[in-house]
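In what follows, a single structure is set out as structure tokens and then discussed.
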Amino acid sequence: MKTLIFSKTVFKVLNFRLPLEVVLIIFAIIAIISLSIYFSILFRRNRKFFFEKEQVSANEFKRLEKFEEERNNFELEIAKIRKIQRDKRK
């Protein structure tokens, strides 16, 4: 009859004695759950973003961000032109 060889390392938690294998299994389960939650959040599709108090999709958010940046650049260019015009009048 074969006997299974178990680790003789035992953890004493409060009044319970837990073998090393049980502790490792518990940590492995926690790690698997944590990783699955992390990857589900990381790779989730159709994320919703809020742009000026409105809910938009990820693609629409990127498009609006680019538009906002271009508008800001345009306003800066207009301000430079107006400054040049004011300097020429003086």
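Once you've got the GNM for the chain with C-alpha springs shorter than 10 Å, pick whichever of F39, F27, F16 has the biggest mean-square fluctuation. Taking springs between Cα atoms under 10 Å, the residue moving most is F16. Note on the chain: Rg/Rh from C-alpha atoms, Kirkwood Rh, equals 1.54.
Keeping to pairs on different chains or 8 or more places apart, tell me how many lysine pairs in the chain have Cα atoms under 16 Å apart.
Lysine pairs meeting the criterion: 4.
Residues in the chain average 103 Å² of solvent-accessible surface per residue, probe 1.4 Å, ligands and nucleic acids excluded. Largest GNM mean-square fluctuation among N73, N59, N15, using the chain with Cα springs under 10 Å: N15. The fraction of accessible area contributed by carbon and sulfur in the chain is 62 percent, rounded to a whole number (1.4 Å probe; ligands and nucleic acids excluded). Spin-label model, S36/E60: points 7 Å from Cα along the beta carbon direction are separated by 3.3 nm. With K and R counted +1 and D and E -1, the other residues having a Cβ less than 15 Å from that of R82 yield a net charge of +3. Determine how large the accessible area of F11 is when every protein chain is in place; take a 1.4 Å probe and give Å² rounded to the nearest 10. Surface open to solvent at F11 totals about 80 Å². The mean sequence separation of alpha-carbon pairs under 8 Å and at least six residues apart, normalised by the residue count of the chain, gives a relative contact order of 10 percent. Charge dipole (Cα centre; +1 on Lys/Arg Cβ, -1 on Asp/Glu Cβ; no other charges) of the chain amounts to roughly 300 debye.
The values are calculated or read from the model by the stated rules, or taken from the named source; none is laboratory data. Remember, it's a predicted structure, so these values are computed and weren't measured experimentally. Counting neighbours? That spans all protein chains shown, and the Cβs are built from the backbone with ideal geometry, glycine included. Side chains are part of the model used for accessible areas, which takes the heavy atoms of the whole protein and leaves out ligands, DNA and RNA. Shrake-Rupley method; radii C 1.70, N 1.55, O 1.52, S 1.80 Å.
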